[in-house]
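What follows is a set of notes on a single structure, which appears directly below.
The values are calculated or read from the model by the stated rules, or taken from the named source; none is laboratory data. Because the structure is a prediction, the values reported are computed rather than measured. Glycine also receives a Cβ, built like all others from the backbone with ideal geometry; neighbour counts cover every protein chain displayed.
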């Protein structure tokens, strides 16, 4: 009879241990999921802002250099100054037999996304 009691106690301990590990696993999964969501939302907002102004940079460059072919594009970052933001891009273009870089700086009002100014500077290598 005593053997049976020991067996039941071990079985009960195994059940408690199993419940503990299941709860631990669920907790870890929930923590991982909840901590991941804000990061991905912020990244999507950042990408869409830089993508929006990247399209403007390409369009304005094509308007300034209508015969040129855009070979490459790089977002160099953004700079906040007061209530405005400056997005910086570098485009590599080919015009006839000449290849050169163009720095494009787009200034806009941060809260309204209203375009203020587009500046170009040619870069020779």
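If residue 72 satisfies all but one of (1) surrounded by fewer than 15 Cβ atoms within 10 Å (Cβ to Cβ); (2) in a strand (DSSP E or B); (3) touching a residue at least 40 places away in the same chain (Cβ under 8 Å), what's the number of the condition it fails? Tallying (1) surrounded by fewer than 15 Cβ atoms within 10 Å (Cβ to Cβ); (2) in a strand (DSSP E or B); (3) touching a residue at least 40 places away in the same chain (Cβ under 8 Å), residue 72 fails exactly one: (3).
The single condition among (1) more than 21 Å from the chain's Cα centre (by Cα); (2) without any contact (Cβ under 8 Å) to a residue 12 or more places away in the chain; (3) surrounded by 12 or more Cβ atoms within 10 Å (Cβ to Cβ) that residue 97 does not meet is (3). Sort out which residues of the stretch 93-104 are farther than 15 Å from residue 63 by Cα and in contact with a strand residue (DSSP E or B) (Cβ under 9 Å, 6 or more places away or on another chain), and write them in order of number. Passing the criteria: 99, 100, 101.
Checking each residue in the stretch 42-84 for being at positive phi and either more than 22 Å from the chain's Cα centre (by Cα) or at pLDDT 95 or above (or both) picks out only 82. Residue 105 passes every criterion in (1) modelled with pLDDT of 95 or more; (2) in contact with a helix residue (DSSP H, G or I) (Cβ under 7 Å, 6 or more places away or on another chain) apart from (2).
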